[in-house]
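Heads up, the thing below is written out as structure tokens.
The values are calculated or read from the model by the stated rules, or taken from the named source; none is laboratory data. Here the structure is a predicted model, which means the values were calculated and not measured. Positions of Cβ are generated from backbone atoms using ideal geometry, with glycine treated the same way; all protein chains shown enter the neighbour counts. All accessible areas refer to the heavy atoms of the entire protein, side chains included, with ligands and DNA or RNA removed. Shrake-Rupley method; radii C 1.70, N 1.55, O 1.52, S 1.80 Å.
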Amino acid sequence: MLIARKDPRRHRRVAARWLLRYLEVCDEATIDEAAMVAACLAALAGDRHRDAALTLRAVAERASGRQRT
């Protein structure tokens, strides 16, 4: 989230790695979820940064919970 604001040149590459990591951790992820996460990662660089960050935080917490069970 900080990279999107502080170093926009690196944002796309880091966002792609984050998406890959999410998909590796969350075996049950659907194409719809992956598309939503990708859209939120892209939105981090725009004027909807706060909304995207909140959504991504919730997704990460849910994926983290799935991993523990």
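Within segment 26-51, name every residue whose backbone N is under 18 Å away from a label modeled 7 Å from Cα of residue 16 along the Cβ vector.
Residues passing the 18 Å test: 34-45.
Projected onto the charge dipole of the chain (+1 at Lys/Arg Cβ, -1 at Asp/Glu Cβ, origin at the Cα centre), which of 45, 23, 55 gives the Cα projection farthest towards the positive end?
Of the options given, the answer is 45.
With the calculation restricted to Cα positions, what are the radius of gyration and Dmax of the chain in angstrom?
11.8, 37
For the chain, what is the mean residue ellipticity at 222 nm derived from helices alone (per DSSP H run of n ≥ 4: -39500 (n - 2.57); sum divided by total residues; nearest 500 deg cm²/dmol)? Intermediate values should be presented prior to the final figure.
Working: 4 runs with 56 residues, N = 69.
Value at 222 nm, helices only, nearest 500: -26000 deg cm²/dmol.
Stretched out fully, how many nm does the piece from residue 2 to residue 39 gain, at 0.36 nm a residue minus the Cα gap? Let's see the in-between values first.
Values: separation 37, 0.36 × 37 = 13.32 nm, distance 1.67 nm.
Taking residue 2 through residue 39 to full extension adds about 11.6 nm, to one decimal.
How large is the dipole of the chain about the Cα centre if only Lys and Arg carry +1 and Asp and Glu carry -1, each at its Cβ, rounded to the nearest 20 debye? Intermediate values should be presented prior to the final figure.
Details: 14 positive and 9 negative charges, 97 e Å.
The calculated dipole for the chain is roughly 460 debye.
I'd like the carbon and sulfur percentage of the solvent accessible area for the chain, probe radius 1.4 Å, heavy atoms only, ligands and nucleic acids excluded.
That fraction is 54 percent.
Among 19, 44, 54, which one shows the highest mean-square fluctuation when the chain is modelled as a Gaussian network with alpha-carbon springs under 10 Å?
54
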